[in-house]
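Reviewing the structure listed below.
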């Protein structure tokens, strides 16, 4: 049971660490209307392919507090891949630790 508690705590720490460590980059003030209309269309295409997604992430140790985190779809996918990798790594290491 103690090992399960440690695994759960480790997986939560791995999942929360990148969210807490990363701060959104400051947004630049919008410039004047673009000189070329094609530039705006290209930007719209990029936003459609990789939209911004916001999720509410609960804070560890609190039932009520949550933080709104906004990232692009590709950033969320990368976050989930990293979380899964960390959990799998901790499970493999747990199997290698001597029981005692």
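All of the numbers you see were taken from the coordinates with simple rules; none came from a lab. Everything numeric here is computed off the predicted structure, so don't read it as measured data. All Cβ positions, even for glycine, are placed from backbone atoms using ideal geometry, and neighbour counts span all protein chains on display.
If we count other beta carbons within 10 Å of each Cβ, what is the order of 52, 71, fewest first?
Ranking 52, 71 by Cβ neighbours within 10 Å, fewest first, gives 52, 71.
Using the beta-carbon distance between residue 93 and residue 58 and R0 = 30 Å, what value does 1/(1 + (r/R0)^6) give for FRET efficiency, to the nearest 0.05?
The formula returns an efficiency of 0.70 here.
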